[in-house]
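Chemist: Let me begin by handing over the structure; questions about it come next.
No lab work stands behind these numbers, since they all come straight from the coordinates. What you see is a predicted model, and the numbers here were worked out from it, not measured in a lab. Quick reminder, even Gly has a Cβ in these numbers, built from the backbone with ideal geometry, and neighbours come from all protein chains shown.
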Amino acid sequence: MNPYTMINDQIRQAKNLTESAAALARLLSGGYGVLPNGELYSIKEQVARIDGLTIHVYAGDHAPPHFHVRSADLDVSFSILDCTVTQGRIGRRQLDLVRHYYELSRPLLIETWNKTRPGDCPVGPVRA
């Protein structure tokens, strides 16, 4: 079952105020959006946090498959296929951290990219 169906089911099946509040908290904190047809989708998925950097994958994002690394003064995109910088600038120390993370977590990045593709996304899944 996909996460969107799960959260919709959790909302519909809430039997009391506590369950309803838990479903609402999950919905509000999960980075969801609503498509014109009423379907939920994840705006972004935080994959990791390392040394003040956050790593995100955005739903329905443009080609090529990539992930974003952000901090207060940084916004860089990297290819999921080979960890090359596709947009932005990053210092050597931070680049080394991202590459180390990538070597250990490439399967997670691919899985996250693939699961955040809405049905109408023109950029399909990554084949590892």
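Chemist: Report the label-to-label distance for R70 and L27 in nanometres (one decimal), using points 7 Å from each Cα along the Cα→Cβ vector.
Modeler: So the label points at R70 and L27 sit 2.3 nm apart.
Chemist: Oh, and also: Quick check: pseudo-label points 7 Å beyond the Cα along Cα→Cβ at N37 and H62, how many nm apart are they?
Modeler: 2.5 nm
Chemist: What nm distance separates the two modelled labels at S79 and N114, each placed 7 Å from Cα along Cα→Cβ?
Modeler: 2.0 nm
Chemist: If you take the C-alpha gyration tensor of the stretch 56-121, multiply each eigenvalue by 5 and take the square root, what semi-axes do you get, largest first, in whole Å? Walk me through the numbers on the way to the answer.
Modeler: On the way: eigenvalues 86, 36, 17 Å².
Each semi-axis is √(5λ); the values are 21, 13, 9 Å.
Chemist: If you take the beta carbon distance between Q87 and N8 as r and set R0 to 22 Å, what does 1/(1 + (r/R0)^6) give as a FRET efficiency, to the nearest 0.05? Intermediate values should be presented prior to the final figure.
Modeler: Values: r = 34 Å, r/R0 = 1.54.
About 0.05, to the nearest 0.05.
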